[in-house]
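A short reminder: the numbers here are calculations on the coordinates, not readings from a lab. None of the values given here were measured: they were computed from a predicted structure. Neighbour counts are summed over all protein chains in view; Cβ atoms, including those assigned to glycine, are modelled from backbone coordinates with ideal geometry.
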Amino acid sequence: SSLESSSQVEPGTDRKSTGYETLMVTSEDGITKITLNRPAKKNAINIEMYHEIMRALKAASKDDSSITVLTGNGDYYSSGNDLTNFTDIPPGGVEEKAKNSAILLREFVGCFIDFPKPLIAMVNGPAVGISVTILGLFDAVYASDRATEMLVFGKKLTAGEACAQGLVTEVFPDSTFQKEVWTRLKAFAKLPPNAMRISKEVIRNREKEKLHAVNAEECSVLQERWLSDECMNAVMNFLSRKSNL
Amino acid sequence: SSLESSSQVEPGTDRKSTGYETLMVTSEDGITKITLNRPAKKNAINIEMYHEIMRALKAASKDDSSITVLTGNGDYYSSGNDLTNFTDIPPGGVEEKAKNSAILLREFVGCFIDFPKPLIAMVNGPAVGISVTILGLFDAVYASDRATEMLVFGKKLTAGEACAQGLVTEVFPDSTFQKEVWTRLKAFAKLPPNAMRISKEVIRNREKEKLHAVNAEECSVLQERWLSDECMNAVMNFLSRKSNL
Amino acid sequence: SSLESSSQVEPGTDRKSTGYETLMVTSEDGITKITLNRPAKKNAINIEMYHEIMRALKAASKDDSSITVLTGNGDYYSSGNDLTNFTDIPPGGVEEKAKNSAILLREFVGCFIDFPKPLIAMVNGPAVGISVTILGLFDAVYASDRATEMLVFGKKLTAGEACAQGLVTEVFPDSTFQKEVWTRLKAFAKLPPNAMRISKEVIRNREKEKLHAVNAEECSVLQERWLSDECMNAVMNFLSRKSNL
C-alpha cells in the first residue's frame, strides 16, 4: 500500500523516505523528522501537503522510531493554509469547495489527535493560522526566538508570549536552537518507548472523544463561515492585493 | 418594552442611554460601554445596580455594537457586593433574604455566562468580591496597575499577580491605561462581528451547561452560608466597625 | 479504633500524636502538621510510611484542626517511592507484588482526593516521583528554593519552574521559608473553618468522580508497567548501581 511504500528505504539514501513532493521525511536515532518543504511559499500548506502530512504521520506511527518531529525548511515554520486552495473551485461551486475543505481539515486535525507517539513541533520561524492552531495537540513545542510572529485568530504573539500562555513549551535563541533542541530530542529518544507511548495513551484517551467532537463541530462551523460575506471579502482582498504586487 | 427603551437614543445626547440610576451606558464606534457609576460608594453593587447591569447587558446583546465593555467610574473598579444589601430584611426574615439574594445572584451571573458578544472588562482600579469572581466569564480583562488589590475568597492579588494566574489578560501603566486599551478596543471593534460572535458561541457552548450547573450549585451553597454564624458575625462586625468610624 | 488512638494526646507531649514509626504528627493553633520522618533515607516512602500517611490523613480529617500540612524532616521533602519496596517479593511472585502495589497506590492517592480540609504541602527540599505527582491534589504548595529538583516522569524542574507551570503556588528563599510560610498558615487557620471546608467541597466534588476514575486507570496501567522489561531493567540497574557504591 501507499502507506508502507512511503516508509520504505531507498538504496543509498538509507533512512530518507521518498515519494513526497512537499515534505522531507527522515528517520534516524529513533527520531522521525517531517520537514515542511515549500520554503519559497513560506511552507504554506496546499492540498497536496495536507495529504502528505497525513501520510507521513501514519507512516511514522508505524515505523520503529520513538518520537516524531515536525518542522519547517527555510525561514518560516509555516504560513498556514495556502489561500490559493480557495481559488480552485470544483464543478459543484463554492458550496462543494467548502464541504470538501471541511472534510479535509477534519481528517487532517484528526490525525494529530490520534497520533500515538510523542509528537514534537520545532517552530523554526514565524507560524500562522492552522500551523499554530494545531500546536496544542503536540506533546512539546520548542520555538526559536525567530518565531517573532505566531498568528492565530487575528492575534499576533511572539514565541515568548506563546510560551507564557502555555502554547509553546520553551523558547531558544535562534543561534543555538537546532543544537539545543536536537540534544534534547536525542535524550528523549533514549527513554523507554513503551512507557512514553502508554503515558501519552493514558493522557490522550481521557480527552480523545471530546477532541474529535470539537474538531467535527469546528469544521462544520468553518464550512459555513467560508461561505460568508465576511470570509469571501477577506480572501478576495488578500488575493487581489497579492496580484497587484 | 423596558429592554428596548433602555437602548433608545435621546435627542441631543446621541448614543447615550438613559434610564439608569447606577450606570452610565454609551455606544459608539461599535463599542457599548457600561460604566458602574457609584464612585462615592466605590462602585459597590447594590440591588438596583445588579438589576441595571442585567438590563444593560441584555440591551447590549441586541444593539448594533460589536463588543461590550464594563468599567468603573472613579478610583475603583468595584468594591463588590454592597453589604447594606444584607441589612434590608424582608417580612419573611433572613431566610427569605438569603433565598432572594441567591435567586438574584444566580440570574446576575447567568447573564454573563449567556452574553453572546465579546465582553471586555476594563479594571480601572481596585476590585473586590463578586466583581472579581465574574472576571473569568469575560473574553478579555485589561487592568490598570492602579488595580493594586483584587480581593476574592480572602486572598489579595495585585493586577500583575492576577495576570500571572490567568485572571487578567494584560496589565497597563495607569498613566496610559485608557489610551492603550481604547486603541485596542477600537481595533477589535473593526474585526468581522459575525466571526467574533460565532467564535465565542463555539467556545462558550462547550461549557455553558456546566457553567450554569456550577452557578446554580454555588448560589445554593451561598444561600446556606449566608445564614451561618460565620457569615452573620462577619457582616455584623463589618457593619458595626463602619458605623463606629 | 486505631484511627482515634492515633490522634489521642499523650500526657506531657500535649498535642503530639504517637504511634507512628515513619512520621511526626503534631497539632496546634488549628494546624495539623504531618512530617515525613526518615531523613537518613531522604524521606523515601516505604510500605509502612504509605500506610501511616493514610492513617494520619484520616485522623486529621476528623480532628479539630482547620488545615493540614505535609512536609519533610531534614534536607529532602521526599525522594519518592522507596525502591526497596520492589525487592520484597511475596510468595505469589512479581505478579502478586505488582497487584498489591497497585492496590496500595490507588488507596493512597484516593486519600488525597478525598481529604476534606485545606491541605498544604511545604516542600522543604528536593522532591521526586510520587511525592511530586500528588502535589496537584493539594490546595496550596509552598516550596523552598532549596527544592532545586522536582523530578517526575523523567523531567527535572526547579521549584521556580514548577511554580511557572502551576504545580507550585509560591517559592520562598530557604532562609525565610519556615518563618514566612508559618506566618501565612497561621493566618489561614484563623479563617472561618466551615467556609474553607465547604469551598473545597464545592470545588472538589465537581471533579472527584473523574479523579477517582483516572486514579483507578493509572494504577491499573502501572500494575502492567511494573511487570514490563523496561521497568524491571530500570529497577535492577538502580539497585545494582546502589549496591556497588
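The table for this structure:
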read-out	value
Nearest-20 debye value, the protein assembly as shown charge dipole, Cβ charges on Lys, Arg, Asp, Glu	600 debye
Rg followed by Dmax, in Å, when the stretch B:25-143 is reduced to its Cα trace	14.5, 48
Whole-angstrom Cα spans of chain A along principal axes, big to small	52, 42, 42
Förster-model FRET efficiency, 30 Å R0, residue B:95 and residue C:178, C-beta, rounded to 0.05	0.05
For residue A:94, label point 7 Å along C-beta direction: distances to other copies, nm	6.5, 6.5
From the C-alpha gyration tensor of the stretch B:38-103, square roots of 5λ in Å	27, 17, 7
Label spacing, shortest first and in nm, from residue A:166 to its equivalents in the remaining copies (7 angstrom along Cα→Cβ)	0.2, 0.2
For the protein assembly as shown, share of DSSP beta bridges that run antiparallel, in % to the nearest 5	35 percent
Angle in degrees between helix A:174-188 and the longest Cα principal axis of chain A, rounded to the nearest 10	60 degrees
Relative frequency of Cα-Cα separations exceeding 17 Å in the stretch A:119-245, percent	69 percent
Cβ-vector label at 7 Å, residue A:54, separations to other copies in nm	4.9, 4.9
Debye intensity ratio in log₁₀ form over the Cα atoms of the stretch C:97-165, taken at each q of 0.16, 0.25 Å⁻¹	-0.60, -1.10
Relative contact order of chain A, pairs being alpha-carbon contacts under 8 Å that are 6 or more residues apart, as %	16 percent
Of all DSSP beta bridges in chain C, antiparallel share, percent nearest 5	35 percent
Dipole in debye (nearest 20) - chain A, about Cα centre, beta carbon charges: Lys, Arg +1; Asp, Glu -1	380 debye
Cα lying deepest toward the dipole's positive end in the protein assembly as shown, options C:176, B:236, B:20, charges on Cβ	C:176
Summed residue charge, Cβ within 13 Å of residue B:46's Cβ, Lys/Arg positive, Asp/Glu negative	-2
Percent breakdown of C-alpha pair distances by 10 Å bin, ordered from the shortest bin, for the protein assembly as shown	2, 11, 19, 22, 21, 15, 7, 2, 0, 0
Cβ-based charge dipole, the stretch C:71-182, positive-most Cα from C:166, C:93, C:120	C:93
Inter-site label distance for residue C:204 and residue C:87 at 7 Å from Cα along Cβ, in nm	3.6 nm
